[in-house]
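Undergrad: I have a structure here, written as structure tokens, and I will follow up with some questions on it.
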Amino acid sequence: MAFLEVSNVTKGYEGHLAIKDLNFSIPKGSIYGLLGPNGAGKTTLIRIINQITAADTGEVVFDGEKLNPSHIARIGYLPEERGLYKKMKVLEQIIYFGRLKNLTKKEAQKRALHWLEKFDLLDWKYKKIEELSKGMAQKVQFILTVLHEPELIILDEPFSGFDPVNTELIKDEIQHLRDNGATIIFSTHRMESVEEICDYVGMINLSQKVLEGSISDVRNSFKENEYEVYYRGELNGLSFDAKEVSREDRLALNKAVFVIEPEKAKALIKELNDTVDIASFSEQLPSIKDIFIKKVEEGNHG
Amino acid sequence: MGKIGLITWREYITRVRKKSFLIMTILGPVLIAVFYGIIIFLAVNDSIGKDTEKVLVYDESNAIEGKLYNDDRMAFEYTSDWDGRDTDSLNAGGYTGRLLIPNNFNIYNPDGVVYESENSLSIESKERINRRIENAIEDEKMSQLGVSETAMDSLKTSVSLNALTLDEDGEAKSSSTELNTVIGMGASFVIYFFIFLYGVQVMKGVIEEKTNRIVEVIVSSVKPFQLMMGKVFGLALVGLTQIVIWLVFSGILMGVISFIFIGSDMGNIMDMANSVQAMPADQMAELGVNSMMVNVVSGMMAINWPFIILSFIIYFLGGYLMYSALFAAVGAAVDAETDTQQFMLPITLPLVFSIALSTSVVLRDPNGALSFWLSIIPLTSPIVMMVRAPFLNLATQWWEVALSIGLLITTFCFTIWLAGKIYRTGILMYGKKATYKELFKWLFYKG
């Protein structure tokens, strides 16, 4: 069931359309990667969901209801451009933002302390934001995004500014939130992280949606029937022609790439097994990054 | 607490807790007092920094030779040699200029007087020379008419006018024009400074939130209008807090001063001020009190304090709300403080205009037509009406105040609406320099 349904949404600013006739369906309890090059219209879509701005036409349905201001308290938003009051103390700031999201002071404080402890920031609670390192400030920003336990969490480039250790920490938290039932929209350029944590992706280019689906569906629909084999020995007398053969000195293995119909894969494995020692055999699915680049280039040239 | 309340509270508490607030609250009045002290001191002691102007006089007619009045501002010296006195020799003698009284000059036909100098004559010096020649002629005529010097002295009289105002029952109350002026000017200066200082603070706060990109997070929780109003109200509270602190402290200070200097005499003075007319000065001297003190106290008692204080609060808040909303809109329209100038002008112009006219036209004629209109027009009324307030007779002029306040409230509702529209669009616009044309378009964007 879709938690958020975007139907035929169009929004224009003087003379140009920021987004045009967009349709997205974001399943409940999933991590949804929203992809698109700069200026594609991602931020505009996010602002419409956040009700910072309104769509010219079209409709957004939030958990079965037409999007309305009462939903704002059920959404948590981490913008790409982070912003905190530099002169305000950490705990005070988290409580303030929690209260803006309708939490009581007491509840906000309780949850804030819990999160600060989780992120190892308890010693910093009475420090001003300007005294924190960038990574710590990012963690604080993450806390105030999720403090009110939103059902929909919109994260715009959540990993920027984090070192690998903290990236893992945040990644775990995101997955944890998803497992607890939250629906997460994850807008990013970092394709590796998309493949790692997203369940679904949707891609916008030039104000329009270019593809949408689960990660495996998307990758499968773009596969080019390439099979990659690493082996020891020489390829002789095969009935299949390799697209390319190369020596991988790094692994002390040979590598060959075949492009064949999927149903012939078994026959290929059999022949290979008779001729060489197979180290690995795998179907090459295009990465989300490759698909992204392909789609963007298609759009720009066509 | 609603969202606006929450934002107001944050704006208020973060500012009041700052050290700079404490410092400004204490130092502010001291600085203002010193600032005006210096101005008044220089204005009163206008001889400071000025040498005596020496003027060389060549009186061909001999009509006023040696009769021009000399003092430390201007002194005349006489010569019988006109030609050959070029600028070098004038400088060498320390003269600022030379005055030629022509041959055909006489006191009944005082024409053809020429003043020559290297530098242009200032208006003040010109008037001074004119006056001294006129005085010399007057004295000369008097003595020709046979008026003796003692008779002349006895012509001079000094009158001290006791100004009273009539209420609707025709009862006279004493009023002090000087005190009214001081109170009116003081109140309007405070309003002027606060609108400026706190309006700019609102603008800076908006710019800070915009450049920090905090605004994006906040407007995903509250409406931009709520954010703007919270900021405006928060700073209004900061301003009011400051004023209350000042009022309390000046109250204490006045109490202490009057206790130290006047002590138990205060009761006497109050009694005297209460008795309808001031008693003769010698009688007061017998009682050991100062007549000026009685005048001040009776003037203070004649002032309608509840009206002054109430209208101060109304005009302070109304004027502040009207202007600070505009300042907020300016902050939203720009990316950095350096870009604010083009939008600031239409806001600062009416403010500067009203304070400039308050100190001149309005003060000279508080009930004149121009003063009336300036105190009705909302952009100028918060400042101008406060100058007029102590001079108003509420029994007959209440409608002027009512009209002015009504228009002010209408206008600030309008500017807040206008600013809200610009603010809503502006806070999320980055990297684009807005023009007036664009601001106008923003007014009609769909929310």
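Undergrad: Could you work out the local net charge near A:Gly64, counting Lys and Arg as +1, Asp and Glu as -1, over the other residues with Cβ closer than 11 Å to its Cβ?
TA: Cβ neighbours under 11 Å give a net charge of -1.
Undergrad: So, in Å, what gap is there between the alpha-carbon centers of region A:33-91 and region A:178-213?
TA: Using only Cα atoms, the two centres lie 15 Å from each other.
Undergrad: Here is a follow-up. Given H placed 1.01 Å from N in the peptide plane, which residues other than close sequence neighbours of B:Asn106 have an amide H under 5 Å from its amide H?
TA: For B:Asn106, whose amide H was placed from the backbone, the distant partners under 5 Å are B:Asp111.
Undergrad: OK, next. Within 10 Å of each Cβ in peptide B:220-229, how many partner chain Cβ atoms are there on average? Round it to a whole number, please.
TA: That average works out to 4.
Undergrad: Please work out how much length the chain gains when fully extended from B:Phe307 to B:Phe41, using 0.36 nm per residue of separation minus the C-alpha to C-alpha distance, in nm with one decimal.
TA: Residue separation times 0.36 nm, minus the Cα-Cα distance, leaves 92.6 nm.
Undergrad: Quick one: check the C-alpha center-to-center distance for region A:223-302 versus region A:92-168, whole angstrom.
TA: 46
Undergrad: Rounded if a/c is under 1.5, else prolate if a/b is larger than b/c, else oblate: which is region B:1-155, with a ≥ b ≥ c the root eigenvalues of its Cα gyration tensor? If you can, show how the numbers build up before the last one.
TA: Values: a/c = 4.28, a/b = 2.69, b/c = 1.59.
Because a/c hits 1.5 or more and a/b exceeds b/c, region B:1-155 counts as prolate.
Undergrad: If R₀ is 30 angstrom, what is the calculated FRET efficiency for the pair B:Glu127 and B:Leu164, using the beta carbon separation as r and rounding to 0.05?
TA: Details: r = 34 Å, r/R0 = 1.14.
It comes to 0.30.
Undergrad: Let me ask something else about it. For region A:4-109, run through the trypsin sites (Lys or Arg not before Pro) and keep only the ones in DSSP coil with at most 14 other Cβ atoms within 10 Å of their Cβ.
TA: Passing sites in region A:4-109 are A:Lys28, A:Lys87.
Undergrad: Which order results if B:Val244, B:Val219, B:Val182 are arranged by neighbouring Cβ count within 10 Å, fewest first?
TA: By the 10 Å Cβ count, ascending, the order reads B:Val244, B:Val182, B:Val219.
Undergrad: Choose one answer from A:Leu238, A:Leu144, A:Leu17: the residue with the largest mean-square fluctuation in a GNM of chain A with alpha-carbon springs under 10 Å.
TA: Comparing A:Leu238, A:Leu144, A:Leu17 in a Gaussian network model of chain A, the most mobile one is A:Leu238.
Undergrad: So what's the angle, to the nearest 10 degrees on a 0 to 90 scale, between helix A:105-118 and the longest Cα principal axis of chain A?
TA: Helix A:105-118 and the main axis of chain A meet at about 40 degrees.
Undergrad: Please state the charge dipole magnitude for region A:1-143, taken about the Cα centre, from unit charges on C-beta atoms (+1 on K and R, -1 on D and E), reported in debye and rounded to the nearest 20.
TA: Its charge dipole is roughly 720 debye.
Undergrad: Rank A:Ile174, A:Ile269, A:Ile204 by mean-square fluctuation in a GNM of chain A with C-alpha springs under 10 angstrom and give only the top-ranked residue.
TA: Among A:Ile174, A:Ile269, A:Ile204, the largest GNM mean-square fluctuation belongs to A:Ile269.
Undergrad: Next up: Which value results for Rg/Rh of region B:300-447 when Rg is the Cα radius of gyration and Rh the Kirkwood radius based on the inverse mean 1/r?
TA: Reported Rg/Rh (Cα atoms, Kirkwood Rh): 1.07.
Undergrad: What FRET efficiency do you get for A:Asp172 and A:Lys134 if R0 is 25 Å and r is their Cβ-Cβ distance, rounded to the nearest 0.05?
TA: Taking R0 as 25 Å, the efficiency between A:Asp172 and A:Lys134 is 0.80.
Undergrad: By the scheme Lys and Arg +1, Asp and Glu -1, what is the net charge of all other residues having a beta-carbon under 10 Å from that of A:Ser25?
TA: Values: positive: none; negative: A:Glu5, A:Glu212.
Within the 10 Å Cβ shell, the charges total -2.
Undergrad: Another question, if that's okay. Name the residues whose placed amide hydrogens come within less than 5 Å of the amide hydrogen of A:Tyr13, ignoring near sequence neighbours (fewer than 5 apart) on the same chain.
TA: For A:Tyr13, whose amide H was placed from the backbone, the distant partners under 5 Å are A:Ala18.
Undergrad: Between A:Val165 and A:Lys87, take the C-beta separation as r, use R0 = 35 Å, and let me know the FRET efficiency to the nearest 0.05.
TA: Result of the calculation: an efficiency of 0.75.
Undergrad: Using Cα pairs closer than 8 Å and at least 6 residues apart in sequence, work out the relative contact order for chain A, in percent. Intermediate results must be reported in sequence, preceding the final value.
TA: Values: 528 pairs, mean separation 60.6, N = 302.
The normalised contact order for chain A reaches 20 percent.
Undergrad: At B:Asp365 and B:Gln342, where each label point lies 7 Å from the Cα along Cα→Cβ, what is the point-to-point distance in nanometres?
TA: Calculated label separation equals 4.0 nm.
Undergrad: With the Cα gyration tensor of the protein assembly as shown giving a ≥ b ≥ c as the square roots of its eigenvalues, does the rule (a/c under 1.5 for rounded; else a/b larger than b/c for prolate; else oblate) give rounded, prolate or oblate?
TA: Taking the square roots of the gyration eigenvalues as a ≥ b ≥ c, the protein assembly as shown is prolate.
Undergrad: Nearest 10 degrees is fine. How inclined is helix A:288-301 to the longest principal axis of chain A, computing both from alpha carbons?
TA: Roughly 90 degrees, rounded to the nearest 10.
Undergrad: Report the far tail of the P(r) of region A:132-266, meaning the percent of Cα-Cα pairs longer than 20 Å.
TA: On the way: 5679 of 9045 pairs.
So the pairs more than 20 Å apart make up 63 percent of the total in region A:132-266.
Undergrad: Label-point separation (nm) for B:Glu77 and B:Ser89, each offset 7 Å from Cα along Cα-to-Cβ?
TA: 1.3
Read-outs throughout are calculated quantities, based only on the coordinates presented, and are distinct from any laboratory measurement. Just so we're clear, the structure is a prediction, and the values are computed from it rather than from any experiment. Counting neighbours? That spans all protein chains shown, and the Cβs are built from the backbone with ideal geometry, glycine included.
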